[in-house]
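The values are calculated or read from the model by the stated rules, or taken from the named source; none is laboratory data. Model, not experiment: these values are computed from the prediction. Reconstructed Cβ throughout: ideal geometry from the backbone, glycine too, with neighbour counts over all protein chains shown. To get the accessible areas, we keep the full protein, side chains included, count just its heavy atoms, and leave off ligands, DNA and RNA. Shrake-Rupley method; radii C 1.70, N 1.55, O 1.52, S 1.80 Å.
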Amino acid sequence: MFHRQGPTLLELAEQAMTSVEHGYDLLAPKFDYTPFRTPDPVIQAAIDALGPAGSVDTALDVCCGTGAAMRHLRPLARERVVGIDLSQGMLEEADRRLSGAPGTAAFQFVRGDALEMTFDAEFDVVTCFGAFGHILESDEPRLLQGLHRALRPGGRFLFVTGHPPSMLRPGYWVARGFNAAMRVRNALWKPPFVMYYLTFLVPRARALLEAQGFTVEVRDSILPEPFTPLATVIATKR
């Protein structure tokens, strides 16, 4: 699971005992060598569903981390690709790693909270990969309000998520066990570290998006193995 250049168990424990922001500042230089980073084949296949190179003007990646999705968005966009993240360390790593990335659109890095975005009808495309576990269920409507406001009419919000897993699968109980342990950690230790699994799955995501004014399309089986069971969701602002 972990590359030899990735974080040690001690470093991961240190990250888990601090805040989300500071934890990712610490993890940033080694983040791309962890299983927490969305694999490039998943990002590329999902973004390919948005259309050919140069088919949009502007794109935003929310919780951009080290810039993995921004690299794939740059050929799609003609003018500007923006990444927003809470962690300054992750943004600095993204800036470094994206030097020389293919495409001509300008990169812009914004340090900010995804729940407090003030973009107003600026983007044709918004993406978010691997970050929904950092958003509490109670905050999901607020996140979607900001995304809806950031998009131009007809703009699209793209993300990858899962369908509800069977309770008969071991992975379901592993995820539930991790979530329970995280709730205990957050009850006993401050600041909280928000990271949960089995969040923003297709049924809930569809319902919240439609309530916010999106038309939702779920595409199954377009990602490469072994990620084929995951769903690619394209939500269009009405």
Completion exercise
Scanning segment 116-141 residue by residue, those loosely packed, with under 15 Cβ neighbours inside 10 Å and either touching a residue at least 40 places away in the same chain (Cβ under 8 Å) or not β-branched (Val, Ile, Thr) (or both) turn out to be 116, 120, 121, 136, 137, 138, 139, 141
Fill in the blank from the handout: Note on segment 30-46: residues over 13 Å from the mean Cα position of the chain (by Cα) and open to solvent by less than 30 Å² (accessible area, probe 1.4 Å) are 31, 34, 45
Exercise for the section: Of the conditions (1) over 14 Å from the mean Cα position of the chain (by Cα); (2) open to solvent by 50 Å² or more (accessible area, probe 1.4 Å); (3) under 21 Å from residue 47 (Cβ atoms), residue 149 clears all except one; give me its number. Expected result: (3)
Handout entry: Hits in segment 47-89 (condition: part of a loop (DSSP other than H, G, I, E, B) and within 16 Å of the chain's Cα centre (by Cα))
Key = 63, 64, 65, 66, 67, 86, 87
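Can you confirm whether residue 215 is of a type in the set (S, T, N, Q), open to solvent by less than 30 Å² (accessible area, probe 1.4 Å), touching a strand residue (DSSP E or B) at 6+ places or on another chain (Cβ under 7 Å) and at pLDDT 95 or above?
no
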Practice task
Could you tell me whether any residue of segment 192-202 is among the polar types (S, T, N, Q), touching a Ser or Thr at 6+ places or on another chain (Cβ under 6 Å) and closer than 30 Å to residue 149 by Cα?
Solution key: no
Exercise for the section: Looking only at segment 177-196, count how many residues are touching a residue at least 40 places away in the same chain (Cβ under 8 Å) and open to solvent by 90 Å² or more (accessible area, probe 1.4 Å). Expected result: 1
Problem - Any chance residue 71 is crowded, with 21+ Cβ neighbours inside 10 Å and among the basic types (Lys, Arg) - result: yes
Problem - Close pairs (8 angstrom Cβ cut-off, 6 or more residues apart or separate chains): closer than 15 Å to residue 197 by Cα in segment 152-176, of a type in the set (S, T, N, Q) anywhere - result: 160/38; 160/232; 172/166
Handout entry: Residue check, residue 102 in contact (Cβ under 8 Å) with a residue 12 or more places away in the chain, surrounded by fewer than 19 Cβ atoms within 10 Å (Cβ to Cβ) and touching a Lys or Arg at 6+ places or on another chain (Cβ under 9 Å)
Key = yes
Practice task
Name the single residue, out of those in segment 12-29 being open to solvent by 70 Å² or more (accessible area, probe 1.4 Å) and outside any loop (DSSP other than H, G, I, E, B), that is nearest to residue 66 (Cα to Cα).
Solution key: 29
Completion exercise
Given (1) more than 13 Å from the chain's Cα centre (by Cα); (2) at pLDDT 95 or above, residue 190 misses just (2)
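Within segment 197-207, how many residues turn out to be touching a helix residue (DSSP H, G or I) at 6+ places or on another chain (Cβ under 6 Å) and either on the phi > 0 side of the Ramachandran plot or surrounded by fewer than 19 Cβ atoms within 10 Å (Cβ to Cβ) (or both)?
Summing the residues that are touching a helix residue (DSSP H, G or I) at 6+ places or on another chain (Cβ under 6 Å) and either on the phi > 0 side of the Ramachandran plot or surrounded by fewer than 19 Cβ atoms within 10 Å (Cβ to Cβ) (or both) in segment 197-207 gives 3.
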